[in-house]
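Novice: Mind having a look at this structure? Questions to follow.
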Amino acid sequence: MNVLKPEKLFGIIGYPLGHSMSPLLHNWGFALKDIKAVYMAWPTAPEKIADFMNAFKTLPISGASVTIPHKISVMDYIDELTTRAKGVGAVNTLYWEQDKLIGDNTDTAGCSEPLRPHCDHVKKALLLGAGGASRAAIVGLKTLQIREIVITNRTKSKADKLAEEFGISCVDWNKRGNEHYDLIINSTSLGMSGDKQKINPMIMDNVDEKTIVYDLIYNPLETVLLKEAKEKGCKTLSGIEMFLHQGLAQFKIWTGHDLDELRARKILLEHL
């Protein structure tokens, strides 16, 4: 009788998780590379994170993706952070090194890699939002040698804190549209599918064809921000790029394999 080898188990922790395409990407990758593994969704409310992480350390789970709202709180339960995760101050990837649970952050690649071909002339960037994704975006922008990074957030104290921590500038939320930026990145949930879908997080008065607009939201694929940016002649990037590049980096960490970027993007776009 043939006995199947036990599958490796991976998954995503977040709350809510209804929109996540991570299972699609990683299960496609496992099948393509003939890896006996499965990737699941584990919706975990904030008050359940301690229980989940205690279970994580006792169950045969090989690794996990971490998304909103756990990217910072999960660090309390990790044995060691990578240099990259320490630099960001947030975690989106968990994996084991022997018996140590390691926290890493591939969102930095998710931010920087899609922008790399387009940002030669970007001197001044505006970042909307001050959550876990924005921390990775700041590190990603710094790797691209962008000289001036400005952050804004509805709760100004959060933006002030990040500005001080990373040595960047801060502007009041209600003044975010007062001047021209070469690059605008949205890391807020404004524009996401649901009750915020019709909201544009940016005041568009000084946005023009010289502006690159990158929305980290991927559901919907074309947010109100991207639609209005296209109408102004901007170069636009959708959140599928952030999702794709951070996911490809995670897959490499867990399996040692590279997935084909073009094929992976096609799979995701077909799903959307």
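The values are calculated or read from the model by the stated rules, or taken from the named source; none is laboratory data. Just so it is clear, the model here is predicted, and its values are computed rather than measured. Don't worry about glycine lacking a Cβ; one is built from the backbone with ideal geometry, like all the others, and counts go over all protein chains shown. We work out accessible area using only protein heavy atoms, side chains counted, and drop any ligands, DNA or RNA first. Shrake-Rupley method; radii C 1.70, N 1.55, O 1.52, S 1.80 Å.
Novice: Looking at the range 21-50, which of the residues that are closer than 19 Å to Trp254 by Cα and small (Gly, Ala, Ser) is surrounded by the most Cβ atoms within 10 Å (Cβ to Cβ)?
Specialist: Filtering first and then ranking leaves Gly29.
Novice: Whether any residue in the range 233-250 is open to solvent by 60 Å² or more (accessible area, probe 1.4 Å) and without any contact (Cβ under 8 Å) to a residue 60 or more places away in the chain is what I want to check.
Specialist: Taking every residue of the range 233-250 in turn, none turns out to be open to solvent by 60 Å² or more (accessible area, probe 1.4 Å) and without any contact (Cβ under 8 Å) to a residue 60 or more places away in the chain.
Novice: Anything in the range 29-88 that is part of a helix (DSSP H, G or I), of a type in the set (A, V, I, L, M, F, W, C) and more than 19 Å from the chain's Cα centre (by Cα)? List them, or say none.
Specialist: Passing the criteria: Phe30, Ala31, Leu32, Ile49, Ala50, Phe52, Met53, Ala55, Phe56.
Novice: Any idea how many residues of the range 113-127 are under 30 Å from Tyr77 (Cβ atoms) and modelled with pLDDT under 95?
Specialist: Result for the range 113-127: 1.
Novice: Something else now. Can you tell me how many residues in the range 176-216 are of a type outside the set (A, V, I, L, M) and open to solvent by 40 Å² or more (accessible area, probe 1.4 Å)?
Specialist: Result for the range 176-216: 14.
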